[in-house]
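So the structure is just underneath, and the comments pick up after that.
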Amino acid sequence: MQRSSGATAPPPQAAFAAALARTPMDLYVVWNGARYAERQGSLSSRTLQLVTEPRTPLSLRELILRAARLEDGADFTPDAVRAAVRQHQAIRGVAYYLVRKTREGHFVAVSDVAWPADGSGPIRAGDLIATRPAPLRRLAG
């Protein structure tokens with residue numbers, strides 16, 4: 001007879017809280033206002049549609065919480081939301097940027113973006129993407 005270790009899976013709320021806690025507080029998503037070739041109804045598209053204000057950084061943690069509040073939010077785990085945002089960075093016509101907020105309050109690209117939807121040319125990880133109150137754009141230097 002095999003003995004149980006006594007460990008049980010954490011309840012869904014505890015697992016969600018633990019996954020949310022693994023999300024860095026300095027990560028944000030910024031929509032440049034452009035349209036992109038979305039896959040209607042996909043988890044990725046539905047996640048990104050929750051970012052509604054162009055050029056306004058939204059905390060990745062807040063995006064995860066918004067997704068969890070959807071009617072079928074069980075599919076929108078923190079890991080799935082993070083993956084949707086990261087995968088979007090590699091498509092042709094990126095409209096949502098994953099950015100990191102610096103101590104100075106600037107937002108810099110987390111990863112390279114080869115094809116921004118606004119046609120501005122490639123963005124490299126570390127490029128300055130948005131500053132407050134300046135509009136979203138890539139800044140020189």
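The values are calculated or read from the model by the stated rules, or taken from the named source; none is laboratory data. As the structure is a computational prediction, the values presented were derived from the model and not from experiment. Glycine also receives a Cβ, built like all others from the backbone with ideal geometry; neighbour counts cover every protein chain displayed.
Evaluating Val30 against the criteria (1) free of Cβ contacts under 8 Å to residues at least 60 places away in the same chain; (2) among the hydrophobic types (A, V, I, L, M, F, W, C); (3) in contact with a Lys or Arg (Cβ under 9 Å, 6 or more places away or on another chain) leaves one unmet condition, (1).
So which strands (runs of 3 or more DSSP E) stay within region 17-135 end to end and still have 1 or more residues that are crowded, with 18+ Cβ neighbours inside 10 Å and touching a helix residue (DSSP H, G or I) at 6+ places or on another chain (Cβ under 9 Å)?
Result: 27-31, 96-101.
Candidates are the residues of region 44-94 that are acidic (Asp, Glu) and over 17 Å from Ala117 (Cα atoms); the one that is modelled with the highest pLDDT is Glu62. The residue list Val113, Val81 contains one member that is under 18 Å from Ile129 (Cα atoms), touching a residue at least 12 places away in the same chain (Cβ under 8 Å) and out of contact with any Asp or Glu (no Cβ under 6 Å at 6 or more places or on another chain), which is Val113.
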